[in-house]
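What follows is one structure encoded as structure tokens, with my remarks underneath.
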Amino acid sequence: MMNAAVTRFQAPSGVCRFCGRSDEHCVWIDPRQTICNHPACLERMHLAGDAAMHRIRTPRCLCGGWKSQKRAFCLGCWTALPQDLATMLHTPIEQGFGCYLAEAVAYFTA
């Protein structure tokens with residue numbers, strides 16, 4: 001079951017999720033090829049990463065349960081995520097983790 005909010009946030013491979021460019025001159029910084037290295041896109045990715053770090057540092061999950069401060073979600077929420085969203089959350093911060101975390105949060109809040 002795919003949540004409609006998640007499909008709204010996901011970008012197809014080869015198209016930058018921030019600027020929408022898909023030309024061959026883009027240099028991709030994430031493994032899914034959805035964030036390019038243009039300065040404005042990097043800035044937006046870093047802002048999303050800062051918000052993600054705040055979510056990780058809090059001891060509460062979105063559902064209100066307790067979680068490890070090294071994780072984004074509690075075990076129950078983590079197992080409730082679709083497999084593709086869960087694998088996105090293994091991406092390093094500097095390669096777009098904040099954007100993928102925003103997609104996972106949208107899965108639960110929409």
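The values are calculated or read from the model by the stated rules, or taken from the named source; none is laboratory data. Here the structure is a predicted model, which means the values were calculated and not measured. Protein only, heavy atoms only, side chains kept; ligands, DNA and RNA dropped before computing areas. Shrake-Rupley method; radii C 1.70, N 1.55, O 1.52, S 1.80 Å.
Taking amide hydrogens as modeled 1.01 Å from N in the peptide plane, which residues meet the under 5 Å criterion relative to R21, leaving out close sequence neighbours?
HN-HN under 5 Å from R21: C16.
Once segment 67-107 is represented by equal point scatterers at the alpha-carbon sites, with solvent omitted, what log10 I(q)/I(0) does the Debye formula produce at q = 0.17, 0.32 Å⁻¹?
With one equal scatterer per Cα and no solvent, log10 I(q)/I(0) is -0.40, -1.26.
So what's Rg/Rh here for the chain, counting alpha carbon atoms and using the Kirkwood radius for Rh?
Rg/Rh: 0.98.
Quantify, in whole percent, the carbon and sulfur part of the accessible surface of segment 3-110 (1.4 Å probe; protein heavy atoms only).
With neighbouring chains kept in place, the figure for segment 3-110 is 56 percent.
Quick one: angle between helix 39-57 and the longest Cα principal axis of the chain, in degrees between 0 and 90, rounded to 10, please.
In the chain, helix 39-57 runs at an angle near 10 degrees to the longest axis.
Which translational diffusion coefficient, to the nearest whole µm²/s, is obtained for segment 14-56 from the Stokes-Einstein equation, given a Kirkwood hydrodynamic radius over C-alpha pairs, 20 °C and 1.002 mPa s?
Rounded, D is 201 µm²/s.
In what order, largest first, do V15, V27 sit by accessible area if the probe radius is 1.4 Å?
In descending accessible area the options line up as V27, V15.
Sort all Cα-Cα distances of segment 27-90 into consecutive 5 angstrom bins from zero, then give the percent of pairs in each bin up to the one containing the longest distance.
Values per bin, smallest distances first: 4, 16, 20, 21, 18, 12, 7, 2.
Give me the accessible area per residue for the chain, probe 1.4 Å, as a whole number in Å².
Solvent-accessible surface per residue comes out at 58 Å².
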